[in-house]
Amino acid sequence: MKKVLAIAISLVMVLSLAACGGSAAPAAEAAPAAQEAAASSDEIYIPVIALGFQHQYWQAVKLGCEQAAEEFGVTITFEGPEQETMVDKQVDMIKAALAKNPAGLCLAAIDTEACRADVEAAKAKGLKCVGFDSGCGDLPLTTCATDSKGAGAIAAENCARLLNGKGKVGIINFSQTAPDGIAREQGFVEYLEANCPDIEIVDVQYTDGDHLKSADAAKSMLTAFPDLNAFYGCNEGCAVGIYNGMKEVSKIGDVIIIGFDSSAALKEGIKNGEITGAITQDPVGMGYKSVEAVVKALKGEELPEFIDTGCYWYDKTNMDDPKIAPLLYD
């Protein structure tokens with residue numbers, strides 16, 4: 001089944017590109033028409049609005065949403081702006097979706113406050129709102145997302161195993177303020193502090209997840225701490241940046257590199273053994289559980305405040321496993 005999911009994700013990407021002539025923007029723009037059709041039917045309509053659209057991660061979330069929609073007999077649309085910083089465009093998408101009087105809404109908000117008034121007004125009319133991925137603050141009944149702190153702890157557990165419980169580690173994080181960045185770092189640090197007294201975290205740098213900034217930070221950290229044993233990069237950009245930096249100073253193989261998320265570069269580095277391993281989220285499961293949560297809410301079922309959609313450690317020994325492979329997006 002998981003192999004089928006992997007193939008399906010690839011097909012979704014091919015069809016998306018074919019429909020838009022190589023650009024993601026028209027695919028995202030096509031959603032309002034789908035909303036119009038959905039709203040005119042007798043089916044339960046649930047728009048899903050993500051932080052973005054074109055990245056394969058979001059296409060994997062979309063696939064999970066579609067699986068749940070088919071299983072539960074509801075109609076969904078899926079859209080997001082071309083870039084994950086386009087607050088105004090996402091707000092316009094939310095307004096357009098809510099104008100169709102949907103039964104529920106799945107939302108990963110770029111800026112919760114920017115859409116608060118519209119969502120609150122719709123909730124007052126009975127809308128069931130569920131957050132996913134980044135969530136939408138205190139607006140939803142529940143949020144379906146990765147337990148970022150727990151994921152950080154899994155990264156730390158594997159780091160400790162690879163270091164045999166002793167060594168020096170540097171952290172490259174993408175943000176001091178983003179909740180998931182804070183949690184991924186906190187989970188990692190707290191696990192090592194509680195379980196590994198002989199592992200020292202020597203420095204933490206913040207690079208916005210930029211490849212070049214992360215490479216420079218990693219090289220500077222290695223210069224300051226030449227006996228450094230491992231790096232932890234808290235997202236794809238940080239991890240690939242560390243990888244590039246270590247290649248530039250010919251330290252591949254001398255320093256353990258642990259990453260987070262997935263990409264073509266990250267997967268290639270892990271496959272060839274130059275990046276040790278990483279944590280992947282489960283975007284398919286996230287999409288499925290988000291739509292499922294709305295359906296449950298419409299049935300009057302109580303929902304927990306948070307629904308953990310899971311994460312996994314992967315390295316070159318298990319990245320082709322049927323359970324893991326569909327979750328490794330480019």
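The values are calculated or read from the model by the stated rules, or taken from the named source; none is laboratory data. What you are looking at is a predicted structure, and each value in this text was computed from that prediction instead of being measured. Neighbour counts run over all protein chains shown; Cβ positions are idealised from the backbone, glycine included. Keep in mind that these areas ignore ligands, DNA and RNA; they rest on the heavy atoms of the full protein, side chains included. Shrake-Rupley method; radii C 1.70, N 1.55, O 1.52, S 1.80 Å.
Counting charges near G209 (Lys, Arg +1; Asp, Glu -1) among other residues having Cβ under 10 Å from its Cβ returns a value of -3. Using θ = phi - 60° in the Karplus curve 6.51 cos²θ - 1.76 cosθ + 1.60, the 3J(HN,Hα) couplings for segment 139-153 round to 6, x, 5, 7, 10, 9, 7, 6, 6, 5, 5, x, 5, x, 5 Hz; x is entered for Gly and Pro. Of all accessible surface on segment 162-320 at a 1.4 Å probe, what whole percent is carbon and sulfur? Roughly 45 percent, rounded to a whole number.
K299 versus L212, label points 7 Å from Cα toward the beta carbon: distance in nm? Between K299 and L212, the simple spin-label model gives 5.2 nm. With all protein chains in place and ligands, DNA and RNA left out, the 1.4 Å accessible area ranks L127, L212 as L212, L127, largest first. Relative to the current alpha-carbon distance between A96 and D321, full extension at 0.36 nm per residue lengthens the span by 76.9 nm.
Calculated FRET efficiency, F225 to E193, Cβ-Cβ distance, R0 = 30 Å: about 0.95 to the nearest 0.05. Across all directions, the shadow cast by the convex hull of the chain built on its C-alpha atoms averages 16.6 square nanometres. Split the chain at each of the GluC sites (Glu not before Pro) in a DSSP loop with at most 10 other beta carbon atoms within 10 Å, and the longest piece is 1-300. Take the Cα of F306, step 7 Å toward its Cβ, do the same at E120, and the gap between the two points is 2.4 nm.
For segment 275-281, 3J(HN,Hα) computed residue by residue from phi via the Karplus equation (6.51, -1.76, 1.60; θ = phi - 60°) reads 10, 5, x, 7, 9, 10, 7 Hz, glycine and proline entered as x. Multiplying the residue separation of K247 and Q176 by 0.36 nm and removing their Cα-Cα distance gives an extension gain of 22.9 nm.
Computed from the C-beta positions of N164 and T85 and an R0 of 35 Å, the FRET efficiency is 0.25 to the nearest 0.05.
For K323, the lysines whose Cα comes closer than 27 Å to its Cα, not counting residues fewer than 8 places off in the same chain, are K2, K3, K62, K149, K267, K271, K289, K296. The phi-based Karplus calculation (6.51 cos²θ - 1.76 cosθ + 1.60; θ = phi - 60°) puts the 3J(HN,Hα) values of segment 312-326 at 9, 7, 9, 9, 5, 7, 10, 5, 9, 4, x, 7, 9, 3, x Hz, whole numbers, x for Gly and Pro. Amide H contacts under 5 Å for G167: I199, E200, restricted to partners 5 or more places along the chain or on a different chain, H placed in the peptide plane at 1.01 Å from N. For G259, the residues 5 or more places off, or on other chains, whose built amide H falls under 5 Å of its own are G233, G277, A278, I279. Pairwise inverse Cα distances across segment 220-289, averaged and inverted, put the Kirkwood hydrodynamic radius at 12.6 Å. Here segment 91-155 is treated as a sphere whose radius is the Kirkwood value from Cα pairs; by Stokes-Einstein at 10 °C and 1.306 mPa s it diffuses with a coefficient of 128 µm²/s. The solvent-accessible area of D138, taken with every protein chain present and a 1.4 Å probe, is close to 110 Å². Summing charges over all other residues whose Cβ lies under 11 Å from the Cβ of Q67, with Lys and Arg as +1 and Asp and Glu as -1, gives -2. The fraction of all Cα pairs in segment 210-330 landing in successive 10 Å bins from 0 to the largest distance is 13, 38, 24, 15, 8, 2, given as whole percents.
Taking each DSSP H run with n ≥ 4 as -39500 (n - 2.57) and averaging over every residue of the chain yields -15000 deg cm²/dmol at 222 nm. Neighbours of V87 by Cβ distance under 11 Å: Lys/Arg scored +1, Asp/Glu scored -1, total -4.
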